[in-house]
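Colleague: Below is the structure I would like to discuss, written out as structure tokens.
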Amino acid sequence: MLEFLPQPPIGKYRRIQLARYLINKGISTYEEMRFDEEGKIIDFGVSKETYDKIVESGLPFMTSGCAGRSMENACNRPFSDCTPYQAYIGEMRNFPFKPSEEDIFIIKKQIKDYSDTPIKVWINKSGDSADVF
């Protein structure tokens with residue numbers, strides 16, 4: 001089934017994560033979002049302030065579906081949809097913890113990536129996200 005299909009590019013994945021979060025939280029709707037001629041999300045139907053606040057929170061990019069007593073996202077399976085290598089190069093798809101400032105920096109770049117490249121290196125070999133490739 002899906003195991004034989006390639007993963008979507010990280011940019012597409014991030015935009016879907018954000019759209020799902022906005023819809024599930026009642027912050028935006030499909031009808032308020034805008035799409036390009038290929039169906040790619042180009043506007044999430046929220047103000048820049050709301051967009052920035054939600055992306056900076058990191059919540060849309062965390063694992064979901066496992067509510068815990070002390071936190072909304074209690075799942076702890078970081079490699080269920082990416083390999084350790086993908087996490088190492090900056091492509092962890094679902095964070096089992098709140099993404100760090102460096103993670104958010106990379107996530108912001110990924111949201112704006114509309115390429116079809118399946119896997120990219122987002123951090124250099126020293127792990128410094130300030131030098132994104």
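The values are calculated or read from the model by the stated rules, or taken from the named source; none is laboratory data. Bear in mind that the values here come from a model prediction, so they are computed numbers and not experimental data. Every residue, glycine as well, gets a Cβ built from its backbone with ideal geometry; the counts of neighbours run over all protein chains shown.
Colleague: Based on what the data block shows, is PHE61 of a type in the set (Phe, Trp, Tyr) and either modelled with pLDDT of 95 or more or surrounded by 13 or more Cβ atoms within 10 Å (Cβ to Cβ) (or both)?
Modeller: Yes; evaluated as a whole, the condition is true for this residue.
Colleague: Considering only the range 2-23, state which residues are modelled with pLDDT of 95 or more and either loosely packed, with under 12 Cβ neighbours inside 10 Å or in contact with a Pro (Cβ under 8 Å, 6 or more places away or on another chain) (or both).
Modeller: Within the range 2-23, ILE16, GLN17, LEU18, ARG20, TYR21, LEU22 qualify.
Colleague: To continue, here is another question. Kindly indicate whether ARG77 is exposed (fewer than 14 other Cβ atoms within 10 Å of the Cβ) and at pLDDT below 85.
Modeller: It is true that ARG77 is exposed (fewer than 14 other Cβ atoms within 10 Å of the Cβ) and at pLDDT below 85.
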